[in-house]
Amino acid sequence: MEREFWLERWRTGATGWHQSVTHPFLLRHGAWLLGGDDARRGAGDEPRGARGTRVFVPLCGASLDMLWLRRAGASVVGIDLAASAFRRFYDEAGLDPVVDRTCLFERWSADDIELLAGDFFDADTSVLGPFDAVYDRAALFA
């Protein structure tokens, strides 16, 4: 797939992969990902994982899964080509991000959720920093 293909999909709203709910597997196993115990998870969607876990979310788009991870105490770092996906994400979350340009990426950040607009393949540790876990709902598939 070409870069422009994905950007056009976000521009036109042709984002059939975008879910309007947190992924059920994250609800079921997310505490484990964060170093917690699934049995400690509270009722409903209330996650309880290890605080301070830094989670990388490749090709994150506007995934609500990032909000779940943040509520669980994780610091979230995501990357996607489409900055328009980030506008949608922050608007729907009711957050007002700070946006700045660093290197090859446009960096959006609010409430310990940092999203980088740019090509995943241009990112390295100098851009992403260290992280403790990777959460991939569909990046490998894409």
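What follows draws every value from the coordinates through simple rules; no lab data is involved. Nothing here was measured: the structure is a model prediction, and the numbers come from that model. Ideal geometry is used to build each Cβ from the backbone, glycine not excepted, and the neighbour counts take in all protein chains shown.
At a glance:
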| read-out | value |
| --- | --- |
| Around residue 58: net Lys/Arg minus Asp/Glu count, Cβ-Cβ under 9 Å | -2 |
| Relative packing of peptides 85-92, 69-76, 20-27 - highest average C-beta neighbours within 10 Å first | 69-76, 85-92, 20-27 |
| Long-range amide H partners of residue 103 with built H, under 5 Å | none |
| Shape call, the stretch 45-135: gyration tensor on alpha carbons, a/c limit 1.5 | oblate |
| Net dipole in debye of the stretch 88-133 [+1 Lys, Arg Cβ; -1 Asp, Glu Cβ; about Cα centre; nearest 20] | 120 |
